[in-house]
Each structure stands twice: as structure tokens, then as C-alpha cells.
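Worksheet: the structure to be examined is printed underneath.
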Amino acid sequence: MNRKTITNLACLLGIAFILLSCKQPQLAEPKTNPGKELVMKAIDAHGGIHQWKNSGALHFRWKYDMTDKGVVVDSIQTVDLNTFEAIHKIPDSSV
């Protein structure tokens, strides 16, 4: 190898060392918030997180207004609690 190649490699190794030695800032996870507390209370009141995760699917009705289309949608939602797959069914609709 010639002197220029060795110098370039040394520079690259130096830059790589500097970049790898920099500490990445650790983002602190918020300990709690009112929404999380409310959800955890609801889960605890219904058997705890283990029961929640092993209870299959969650079914609920979701009624919302699509103001831009002038339509009220009344749908049935099914959410798999393990995969978070969601199915939206709108009765009497071809959607």
C-alpha cells in the first residue's frame, strides 16, 4: 500500500473510533401518566395483564361522524390482543 492509502485508512479508522465511542443519549421512559394509570386500573379490575393478554379478541362498537362526507359510521371492531390486528365491520354496508 502506498502512503496515501495508509493515511486514508488511518483517518477512516480514527473517525470510526470517534463515532463509536460517543455515548448515545438514553431517553427516559415516563414513569406514568393519567391515561396509562386509568388503563392499568381497568385491566387490573378485570383480572390483570395476564388475563388481558390471554382473553382472545376485544370486540366493541365504534360510532363516528365522517364530517367531510356527511356520514355517520356505526361499526363493530374486533382487535386481536396478541397481534393487534383489527377488523372493522360496518353492518348493512358493502364496505
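Considering Cα pairs under 8 angstrom that are at least six residues apart, work out the relative contact order of region 48-95 and quote it in whole percent.
Relative contact order of region 48-95: 32 percent.
Pulled fully out, how much extra length does the chain show between Asp44 and Arg3, if you take 0.36 nm times their separation in residues and subtract their Cα-Cα distance?
Residue separation times 0.36 nm, minus the Cα-Cα distance, leaves 7.9 nm.
Return the carbon/sulfur percentage of the accessible area of region 32-95, one whole number, probe 1.4 Å, all protein chains in place.
Answer for region 32-95 is 59 percent, counting heavy atoms of protein chains only.
Just to confirm the filter: which trypsin sites (Lys or Arg not before Pro) across region 55-95 are DSSP coil and have at most 15 other Cβ within 10 angstrom of their Cβ?
Lys69
The values are calculated or read from the model by the stated rules, or taken from the named source; none is laboratory data. Small disclaimer: the values here were computed from a predicted structure and weren't measured. Don't worry about glycine lacking a Cβ; one is built from the backbone with ideal geometry, like all the others, and counts go over all protein chains shown. Heavy atoms of the whole protein, side chains included, go into the accessibility calculation; ligands, DNA and RNA do not. Shrake-Rupley method; radii C 1.70, N 1.55, O 1.52, S 1.80 Å.
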